[in-house]
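Heads up, the thing below is written out as structure tokens.
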Amino acid sequence: MSSSATSRLGLVVEGGGVRAIYAAGVLDVLHDLHLPIEGVIGVSAGAIHGCSFVSGQKERSYRIYKRFCKDPRFFSLRTLLRTGSIVDNDFCYRVIPSELEPFDEEAFENSGIGFWAVSTNIETGRPEYLRMRNCIEEMPALIASASLPYVSRPIEYQGKKLLDGGCSDRVPLKAFEEMGFARNIVVLTHPQEHHVKDRDAILARVFYRRYPNFCRTFENSPAHYERTQAYIQKQQQAQSAFVIRPAKPIPVGRLSHDPNEIELAYNMGKSDALELQNQLLAWLEHT
């Protein structure tokens, strides 16, 4: 190994709603490789799957999505009308991890892996990279990361009003590098030719007119994503990033209730990661 091989290894996980179960498939393959990952940062659903990766609970995300995707409490218009948010936060973030698919908090805390969830501060319009040392006690940080605009109430946490991290930093590679993670495995949920088209961002001026900074950030998110993709490609060429992403669009809706689609996306992630695992191990050996 070169002298740079001792630099901290990070894992960056993009979100994408239900289709991000692709990332869960990738993470389950990485779990079996026992890589020397020291930090994980995730956005929205990517953060949710990242938690189970840090706690070492292989297939937990897959089981949850398959088991509850048709439950209206998981996400539905009915829940939106009942609670003001499309996701029943009590069910998803308390009942499931404490009763139905228990989260291993002890393993999370003792993993030796730092974990960050990305959200967007709607007052400043800036991303917030929230370190979570205890997933259960600091659950609002995770909820905020996955609270979609328009269909979720902002989460108030640490004196801040927060929404989905994807509004400001969909793939926080540069932020993680600035935290000291010089080498990163980057798990993306869109193919390379994907272009973000936030057509609904124009509604932000109506729904969030009290927060002009957030509106500007949301409206500029497609351009920011394009710059991020160019940066990822640059870091990939420089051998400081190893990218795992689908070769073609994942044929799953962002809010799919179909367990067969969930299985398809999950298996796509596993297949892509297995195909690349030897290249990944070689990259780790020589960077």
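The values are calculated or read from the model by the stated rules, or taken from the named source; none is laboratory data. This one's a predicted model, so the numbers in the text were calculated from it and none came from an experiment. When we count neighbours, we look across all protein chains shown, and the Cβ atoms used for this are built from the backbone with ideal geometry, even at glycine. Accessible surface areas use protein heavy atoms only, side chains included; no ligands, DNA or RNA. Shrake-Rupley method; radii C 1.70, N 1.55, O 1.52, S 1.80 Å.
Annotations
- Selection of the range 95-125 for residues being out of contact with any Asp or Glu (no Cβ under 9 Å at 6 or more places or on another chain) and under 22 Å from Glu178 (Cβ atoms) yields Phe115, Trp116, Thr124, Gly125.
- Neighbours by Cβ (under 9 Å, 6+ apart or cross-chain): first from the range 212-224, more than 19 Å from Lys161 (Cβ to Cβ); second of a type in the set (D, E, K, R): Pro222/Lys197; Pro222/Asp198; His224/Asp169; His224/Arg170
- Some residue of the range 200-208 being among the small types (Gly, Ala, Ser) and farther than 26 Å from Ile64 by Cβ: yes
- Close pairs from the range 255-284: first of a type in the set (Gly, Ala, Ser), partner in a loop (DSSP other than H, G, I, E, B) and surrounded by 19 or more Cβ atoms within 10 Å (Cβ to Cβ), Cβ under 6 Å, at least 6 apart: Ala265/Ile250; Ala265/Val252
- Subset of the range 158-168 (residues that are farther than 16 Å from Ala20 by Cβ and either surrounded by 18 or more Cβ atoms within 10 Å (Cβ to Cβ) or among the basic types (Lys, Arg) (or both)): Lys160, Lys161, Leu162, Leu163, Ser168
- Search result, residues across the range 57-97 that are more than 29 Å from His31 (Cα to Cα) and of a type in the set (Val, Ile, Thr): Thr79, Thr83, Ile86
- Hey, Phe242 in contact with a helix residue (DSSP H, G or I) (Cβ under 6 Å, 6 or more places away or on another chain), open to solvent by less than 30 Å² (accessible area, probe 1.4 Å) and at pLDDT below 95 or not: no
- Within the range 251-272, being open to solvent by less than 50 Å² (accessible area, probe 1.4 Å), closer than 24 Å to Val196 by Cα, modelled with pLDDT of 95 or more and not β-branched (Val, Ile, Thr) holds for Ala265, Tyr266, Met268, Gly269, Asp272.
- Flag if Val186 is under 19 Å from the mean Cα position of the chain (by Cα) and within 18 Å of Leu35 (Cβ to Cβ): yes
- When Thr217 is tested against (1) in contact with a Gly (Cβ under 7 Å, 6 or more places away or on another chain); (2) surrounded by fewer than 19 Cβ atoms within 10 Å (Cβ to Cβ), only condition (2) is not met.
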